[in-house]
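The structure under discussion appears below in the form of structure tokens.
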Amino acid sequence: MEITRIGRRGMLFTFFYLQDTGFGVTTNVYVINAKNYVFVCDTFLGPESMKEIKRYIEINFRDKPIIVFNSHYDWDHIWGNCTFETSLILSHEICRNNIIDKAEQELEIYSEHRRGEVNIIPPTNTFTDELTFYEEGVKFFYSPGHTKGSASCVDFVDGVLFAGDNLEAPIPYLQDGDIKSYQRTLEKYLQLEVDTVIPGHGEVSNKSLIEDNLKYITSLTNNQAEEYLKSRYKEVHLQNLKLLGKL
């Protein structure tokens with residue numbers, strides 16, 4: 001695990017475990033040390049992967065109450081919820097429903113990647129449009145894209161967007177076929193007053209990552225994505241085309 005300071009109050013915890021598997025990705029957990037709470041964005045693969053983060057919070061952030069945010073329901077972003085089962089856990093309402101419906105099955109399928117004993121803990125509180133902690137300078141908002149229930153987090157103090165799997169370099173991987181909504185989400189991202197963009201996987205970036213992803217999604221919308229068949233990300237593009245029924 002690697003720890004990187006983001007702005008004045010953010011800490012990024014980057015995990016390398018899935019990089020050495022067939023998934024080939026690093027995974028980000030973003031922590032915001034706000035005025036009265038500590039916000040933990042996504043919880044990776046279970047208690048063994050999250051205990052260092054929880055310990056870091058206890059030592060460095062005066063043991064403030066923790067609020068957990070799930071950006072979407074995928075197994076590699078929610079298994080660590082059980083580390084914070086006494087905390088408030090937030091998500092979009094669709095994300096919570098997906099976790100209830102699908103998480104146990106995903107736990108069985110991907111059980112070899114568990115980091116510690118995983119108990120599926122769904123979010124305790126949900127929102128439909130957005131939820132703002134004004135005194136903390138933090139907002140969570142609905143941002144359908146990678147999944148129908150995806151949501152994002154903005155730290156207004158540091159100008160940081162945590163987008164979960166809605167952003168990937170150089171092109172995103174689709175799990176939902178509503179690319180019109182995805183396009184609107186990316187356009188909304190560009191209107192935010194942020195300088196730092198954190199994807200669920202991969203390196204910290206800026207709005208150029210949003211622009212790259214928007215270019216790709218727009219090309220899919222307009223059926224003008226031929227250039228991606230010649231790139232080294234052809235396989236991801238072909239999977240996206242298959243999902244959209246374009247193959």
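Overview of values
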item: Close pairs from the stretch 210-238: first over 16 Å from Ser181 (Cα atoms) and without any contact (Cβ under 8 Å) to a residue 12 or more places away in the chain, partner exposed (fewer than 14 other Cβ atoms within 10 Å of the Cβ) and not polar (S, T, N, Q), Cβ under 9 Å, at least 6 apart; result: Leu238/Leu229; Leu238/Leu247
item: In the stretch 193-247, the residues that are over 17 Å from the mean Cα position of the chain (by Cα), among the aliphatic types (A, V, I, L, M) and part of a loop (DSSP other than H, G, I, E, B); result: Ala225, Leu244, Leu247
item: Members of the stretch 182-203 found to be over 15 Å from Phe156 (Cβ atoms) and crowded, with 17+ Cβ neighbours inside 10 Å, listed by number; result: Tyr182, Gln183, Thr185, Leu186, Pro199, Gly200, His201, Gly202
item: Subset of the stretch 182-213 (residues that are of a type in the set (A, V, I, L, M, F, W, C) and farther than 26 Å from Ile3 by Cβ); result: Leu186, Leu190
item: Listing of strands (runs of 3 or more DSSP E) fully contained in the stretch 25-134 that carry 2 or more residues being among the β-branched types (Val, Ile, Thr); result: 27-33, 38-41, 66-69
item: Subset of the stretch 113-134 [more than 17 Å from Asn81 (Cβ to Cβ) and among the β-branched types (Val, Ile, Thr)]; result: Thr128, Thr132
item: Of all residues making up the stretch 136-160, the number that are crowded, with 22+ Cβ neighbours inside 10 Å, of a type outside the set (Ser, Thr, Tyr) and out of contact with any strand residue (DSSP E or B) (no Cβ under 8 Å at 6 or more places or on another chain); result: 1
item: Filter pass, Ser71 being in contact with an Asp or Glu (Cβ under 7 Å, 6 or more places away or on another chain) and closer than 16 Å to Cys153 by Cβ; result: yes
item: Selected residue (only one of Gly164, Gly145 is more than 26 Å from Met1 (Cα to Cα) and in contact (Cβ under 8 Å) with a residue 24 or more places away in the chain); result: Gly145
item: Residue list for the stretch 1-50, filter: at pLDDT 95 or above, hydroxyl-bearing (Ser, Thr, Tyr) and surrounded by 22 or more Cβ atoms within 10 Å (Cβ to Cβ); result: Thr27, Tyr30, Thr43
item: Condition met for Asp165 (in contact with a Gly (Cβ under 7 Å, 6 or more places away or on another chain), within 30 Å of Arg8 (Cα to Cα), loosely packed, with under 15 Cβ neighbours inside 10 Å and at pLDDT 95 or above); result: no
item: Residue match in the stretch 75-96 (condition: over 18 Å from the mean Cα position of the chain (by Cα) and in contact (Cβ under 8 Å) with a residue 60 or more places away in the chain); result: no
item: Pairs, first among the basic types (Lys, Arg) in the stretch 185-196, second at pLDDT 95 or above and surrounded by fewer than 19 Cβ atoms within 10 Å (Cβ to Cβ), C-beta under 9 Å, six or more apart; result: Lys188/Phe141
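The values are calculated or read from the model by the stated rules, or taken from the named source; none is laboratory data. Predicted, not measured: the structure shown is a model, and the values here were computed from it. All Cβ positions, glycine included, derive from the backbone under ideal geometry; neighbour counts span all protein chains shown.
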